[in-house]
Amino acid sequence: MAYDLKVFFTVVGKSPKRVRPVDVLAFMTAQRTGHGAAAQTVQPVDGERVGVSTRTLRRRLSSVSGLYAFLHARGDVATNPVPRGLPTRRERHRPGQGVPLVRRTRTLPRILPPSEVDALTSALRSHRDRAMVTAMVLGGLRRCEVIGLRLSDLRMAERRVFIAEGKGGHQRLVPVSNRFLEHVTAYLQTERPTDAGTEQLFVVLKRPRRGQPLTAAGLDEVLQGARDRAGLAHATCHELRHTCLTRLREAGMALEAVQAQAGHASIESTRIYLHLADDWLASQYRKAAEAIDAQVFAAHPISGSLR
């Protein structure tokens, strides 16, 4: 956030009290194109490349808006110069429904083919590591949810795990695969220190931190080592989760069920998986199109050579 604010005020070249909405718009132009709407108020930043991504620009505007919200609450400025959106003809009838300053670009997440998943899991060296990766690639759990699991969250008889602290503080009970349960059982029986003084399921196995809760950085280190040994250029926790959710959708799992498994608050977040599996989408379309064709054009069937 501090760097984002530094970039903003360096580009605008004004003190916080003198910044106006036109300066914010000029900043947006400078960030996206490198050419400001007002040359006298837009200055280049040393070392800062032009043409930043929309995600970066959204973050910087959010940082600036947050700063001015604080200054306004403290009485240092009269208004927040960051517009909430661009006005439209409907604005008078629907206040607050203007066009967003920066439209959010949704990118399709990368998924791993089966060969890469197999190479990654084969490169793991412990039941603990296999259990964590399996929880993501077969259960769709987030990284924070994996390392946040407690011993009491395991529901072995039900073949489920309880997610006590999901994204946004949401809790859920999700089914897990038999492979995950097998690795967890082996980990608890042969690897997890008996004197570990924590309820966290996954702990550090080597000294000097042996028995202490595994951190997100520790899990990333485990994956990095496995990637290097497997010769993979990528295979992050996020990609493992997306791979799972994509494969579940490919296998015919209802979108609402994928939403529940993923822990998405809105089904709009889950709809992205409708666009990931090209082969699945094409096969689903062909089946539907052939059924419609048979009904609508029953008197003029298509030749067998074109099927």
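Read-outs: derived from the displayed coordinates by stated rules, not from any lab. As the structure is a computational prediction, the values presented were derived from the model and not from experiment. Ideal geometry is used to build each Cβ from the backbone, glycine not excepted, and the neighbour counts take in all protein chains shown.
A DSSP coil position with no more than 16 other Cβ atoms inside 10 Å describes the following trypsin sites (Lys or Arg not before Pro) in segment 173-268: K206, R209, R210. The lysines within cross-link reach of K14, meaning a Cα-to-Cα straight distance under 28 Å and a gap of 8 or more places when in the same chain, are K6. Charge tally around G211: other residues with Cβ under 13 Å, Lys/Arg +1 each, Asp/Glu -1 each, net +3.
Can you give the FRET efficiency for A254 and R172, using 1/(1 + (r/R0)^6), R0 = 22 Å, r = Cβ-Cβ distance, to the nearest 0.05?
0.85
At full extension, E221 and K287 could sit 19.3 nm farther apart than now, given 0.36 nm per residue minus the alpha carbon distance.
Exactly which GluC sites (Glu not before Pro) in segment 104-189 are in a DSSP loop and have at most 12 other Cβ atoms within 10 Å?
E158
Along its principal axes, segment 114-276 has C-alpha extents of 45, 36, 26 angstrom, given from the largest down.
A cut-off of 5 Å between modelled amide H atoms, ignoring neighbours fewer than 5 places along the same chain, links V203 with L214.
For segment 122-203, the percent of C-alpha pairs falling in each 5 Å distance bin, counted from 0 to the bin holding the largest distance, reads 3, 15, 28, 29, 16, 7, 1.
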